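Undergrad: Here you go, one structure.
Each value in this text was obtained by applying a stated rule to the coordinates, not by laboratory testing. Owing to the predicted nature of the structure, the values given are computational and were not obtained by experimental measurement. A quick note on method: Cβ atoms are made from the backbone with ideal geometry, for glycine too, and the neighbour counts reach across all protein chains shown.
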Amino acid sequence: MSYPHDISALPPGKSIIVFDAVCILCSANAQFILKHDQRQQFLLAPMQGKYGSRLYRKYGIDPSEPETLIVVQNGQLLRNSDAILAIYDGLGWPWKIANMALIIPAFLRDRLYLFVARNRYRIFGKRETCWVPQAADKDRIL
């Protein structure tokens, strides 16, 4: 299936995750999402691609120096720990148990999230090229 370039024209119930496809942690998370998203509600867009970088710019994020992945869900932007928690909530049980972290104030959750995000290459490493999905998942990558 081919998706439109305008996020407002996405089918109902679909959310977009923009992630760093050269970050080893981020691409491992993308693979995890593709594997466990039984309802196939999430579409993924590498920030290095046209679609992902355009969405980052739309929301005022420099795609060459991002500190966060984003989720666009029902026309709403989620970032930092809110984005991660929305993803795991959307994956259903047992992954949605991560929402227990919502009892922690966002400014504290985001501090930890941003520490990892800013140091992701140093801690987890960086690929030489962007991660490429398996053929079965290509229709879920924008």
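Undergrad: Could you put L108, L77 in order, starting from the residue whose Cβ has the fewest other Cβ atoms within 10 Å?
TA: L108, L77
Undergrad: Next question. Just to be sure I understand: with springs between alpha-carbon atoms less than 10 Å apart, which residue in S64, S81, S15 has the highest mean-square fluctuation in the Gaussian network model of the chain?
TA: Judging by the Gaussian network model, the answer is S64.
Undergrad: Next up: Need one number for the chain: average projected area of the convex hull over its C-alpha atoms, nm².
TA: That works out to 8.4 nm², a quarter of the Cα hull's surface.
Undergrad: Going by Cα centres, region 41-58 and region 67-142 are how many Å apart?
TA: First find each Cα centre; the distance between them is then 13 Å.
Undergrad: Follow-up question, since we're still on this one. Quick one: L44, L34, fewest Cβ neighbours within 10 Å first, how do they rank?
TA: L34, L44
Undergrad: Over the chain, with a Gaussian network built from C-alpha contacts below 10 Å, which listed residue (Q76, Q40, Q31) shows the highest mean-square fluctuation?
TA: Q76
Undergrad: D20's amide H: which non-local residues (gap 5+, or another chain) put their own amide H closer than 5 Å, with H modeled 1.01 Å from N in plane and none for Pro or chain starts?
TA: Excluding prolines and chain starts, which carry no amide H, the hits are M47.
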